[in-house]
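Reviewing the structure listed below.
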Amino acid sequence: MISNQVIQTSIDELKSITKVELCVIDMEGLTVASTFQSDEINIRLVMDFVRSPADSQIIGGYHMLKILEDGEVVFVLVAKGTDADAYTIGKIAVSQIQHLVVAYKEHYDKNNFFQNLLLDNMLLVDIYNRAKKLHIDTEGDRVVYLIEAQNDKDNVAMEMMKSLFDDQQDCHLTAVEQKNIILIKRVEDMSNSDEMEQTAQMIIDMLNTEAMLNARVSYGTVVHELKEVSKSYKEAKLALEVGKIFYMEKPITAYNTLGIGRLIYQLPVNLCRIFIKEIFGEGLPEELDDEMLMTVQKFFDNSLNVSETSRQLFVHRNTLVYRIEKLHQSTGLDIRNFEDALTFKIAMMVVNYMKYIDSME
């Protein structure tokens, strides 16, 4: 629904140009917006005018005109004065506000449509019927992005996203839960995954640098029909959750690059607990502190290359070898061996998953 502030801004601009005082009253007799003291208007006469068949009327020194939506009166515009200028300006104001009402209603209807579409709350026939009414193409490649901005108490992220995408054709921003923003975006070249990655990176850069927000972005796969948008949304949700558990260092997560993380996420909890117990026994070794985990991660990043890892960590090669041996003694896994390295990597991902599960309980 159109806000009072939008109507107030509209009549303020008209008044500053024409010098004609204007007031807008709703169907409950309440003043929505006004450029003068509206308590001098007789509300009873306004309500009588609403019930009359006339579109406009001069009552008590005022021109009164009806503002319609789908043939129904939604507001009454009051122009102060009885001359032709007051009537003309009143008609202009009515036309402007009616167009605003229609535009805001269409925006609200589109937002409601996409929310229900994402949540699978619509029958197939309703999707096509409402899409046609709202002038939304049912064909075309689309992808859903999910944006999570931490500590965004003032909804700065949504405002910045609107400034970035509101003017782009076939882009729609909405939200079905308060903490995440959803972007439904048309994709020109579905075979070009770089396009989707670049869009996600652009969002991250903007929110991080301009809004100083710690943001994460995930996105699903490209779908070819409007009815499949919910599928891409579910994939983006899964990608966001999996990314926060297994790939915290990456602010962008694509559904089709989740790899082992997606597999672990879908494993039964009991099976994960058994696996951890097989690898680490009753509890994680004390040696697995932050320094050790950082060392191991860097070792993996360098494809198990001891020399390159020691150089990047600014430690002597023997120091790195000592740490690896220490890990070997406490876990029985020698991560210089590919099979043991793979086992340790998966085990630590399962540990992170179990920590996440425990935090949710």
Within a Gaussian network of the chain (alpha carbon springs, distance under 10 Å), most fluctuating of Asp290, Asp55, Asp340: Asp290
P(r) tail fraction, the range 1-146 - alpha-carbon pairs more than 20 Å apart, %: 54 percent
Rule-of-thumb Rg ratio for the range 85-230 [Cα; 2.2 N^0.38 Å; N residues]: 1.21
Estimated vicinal HN-Hα couplings, Hz - the range 333-345 in sequence order (Karplus 6.51, -1.76, 1.60; Gly, Pro = x): 10, 9, 6, 6, 8, 4, 5, 5, 4, 5, 4, 5, 4
Karplus-derived 3J(HN,Hα), 6.51/-1.76/1.60, for each residue of the range 61-78, Hz, glycine and proline x: x, 10, 8, 10, 9, 8, 9, 10, 9, 6, x, 9, 6, 10, 8, 10, 9, 10
Shape call, the range 38-97: gyration tensor on alpha carbons, a/c limit 1.5: oblate
Cα principal axis extents for the range 151-283, largest first, Å: 56, 35, 26
log₁₀ of I(q)/I(0) at q = 0.14 Å⁻¹ - the range 244-292, Debye sum with one point per alpha carbon: -0.52
Between the range 133-171 and the range 7-78, the Cα center-to-center distance that results, in Å: 35 Å
Length-normalised contact order for the chain - Cα pairs under 8 Å, 6+ apart - percent: 11 percent
Proximal lysines relative to Lys179, as straight alpha-carbon distance under 24 Å, when same-chain residues fewer than 8 apart are discounted: Lys110, Lys153, Lys162, Lys231, Lys234, Lys237, Lys244, Lys250, Lys355
For the range 246-326: rounded, prolate or oblate by the Cα gyration tensor [a/c cutoff 1.5]: oblate
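A short reminder: the numbers here are calculations on the coordinates, not readings from a lab. In this text, all values refer to a predicted model and were calculated from it rather than measured experimentally.
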